[in-house]
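One structure is given below, encoded as structure tokens.
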Amino acid sequence: MLPPGAEPLRVLHISDLHLTPGRHRLMSFVRSLSSLAPDLVVNTGDSIASPEAISPLLDSLGPLLDLPGVFVYGSNDLYSPKPKNPARYLWRTSAGDHDRDEPDLPWEKLGGELAAAGWIDLNNRRDKLTAGGLDIALAGVNDPHCERDRYDLVAGPADASAALRLGVLHSPEPAIMDRFAADGYDLLLAGHTHGGQLRVPGYGALVTNCGIDRGRVSGLSMHPEISPAGGNTAWLYVSAGLGTSPWAPVRFACRPEATLLTLTPRSA
Ligand SMILES: [Fe+2]
């Protein structure tokens, strides 16, 4: 998807750490990811699950914070987790879980620390950066799952002169991804689904906990799936994520993941 002749771009996509202090294996795994030498790091949210997790998160990211990076929030960066039955996703989504008035997690401190370290805050914002020698146009929204997305603030044609146009959001909601694609974004990165979290071997995810269909609950696909006449179609990668809610610490047939995407040039 890069211009002909461009060097490949290595994008490390992390999501859904739901970090709490004491998750030492997860923290050391995240710390090890810098050995992949990505050109760009994209964090699609749900980074923390406790007010005490910001410092361990920064520690875990470590050298990744020295690289070009961008982030958005997931609802769980704003609202602390509540006890829940992990199987309840089978009959309802968690969208109404965040109807409380005010966020109770220190999301501003989280974003402030990541921004102070040099990563770009894409919550309802557009920006640009250079990574791997390429100019990248960026746009993102705050989490649609808790209705904090404001696409109108980033709407408009993506910079056609950039080598790559990247859209970032936590929950892969089709209506918002339609708008990113229509504005010319080439690649959309999202998380949130945990790959279905509880999967049936041979069948896959039972539910996605958001508007995307089960077939695209994780991994690479196109959005929209059917190209609109004269319209743009974007690549979509949905990460199955690295963690689970502390109150639903179960994944079944659904391995956690961090993803290294290598973007390559189009043929001339
Ligand atoms: Fe999550």
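Rule-based calculations on the coordinates, nothing more; no lab input. What you are looking at is a predicted structure, and each value in this text was computed from that prediction instead of being measured. Because the Cβ atoms are built from the backbone with ideal geometry, glycine has one as well, and the counts that use them run over all protein chains shown.
With each run of n ≥ 4 DSSP H residues scored as -39500 (n - 2.57), what mean residue ellipticity at 222 nm is computed for the chain after dividing by its residue count and rounding to the nearest 500 deg cm²/dmol?
Details: 5 runs with 40 residues, N = 268.
Estimated from H runs of four or more residues: -4000 deg cm²/dmol.
Test of understanding: ordering 34, 171, 227, 75 by Cβ neighbours within 10 Å, fewest first, what list do you get?
With the fewest neighbours first, 34, 171, 227, 75 line up as 227, 34, 75, 171.
Tally Lys and Arg at +1 and Asp and Glu at -1 over the other residues with C-beta under 14 Å from the C-beta of residue 182: what net charge comes out?
Taking every Cβ under 14 Å from that of residue 182, the sum is -2.
Out of all DSSP beta bridges with both ends in the chain, state the antiparallel percent to the nearest 5.
45 percent
Just rank 177, 1, fewest to most, by other beta-carbon atoms within 10 angstrom.
Least to most surrounded, the residues fall as 1, 177.
What is the local net charge at residue 156, summed over the other residues whose Cβ is closer than 14 Å to its Cβ (Lys, Arg +1; Asp, Glu -1)?
Combined, the nearby Lys, Arg, Asp and Glu give +2.
Starting from the coordinates of the alpha-carbon atoms of the chain, obtain the Kirkwood hydrodynamic radius over all distinct pairs and give the value in Å to one decimal. Show your work: numbers first, answer last.
Numbers: mean 1/r = 0.0543 Å⁻¹.
So the Kirkwood estimate lands at 18.4 Å.
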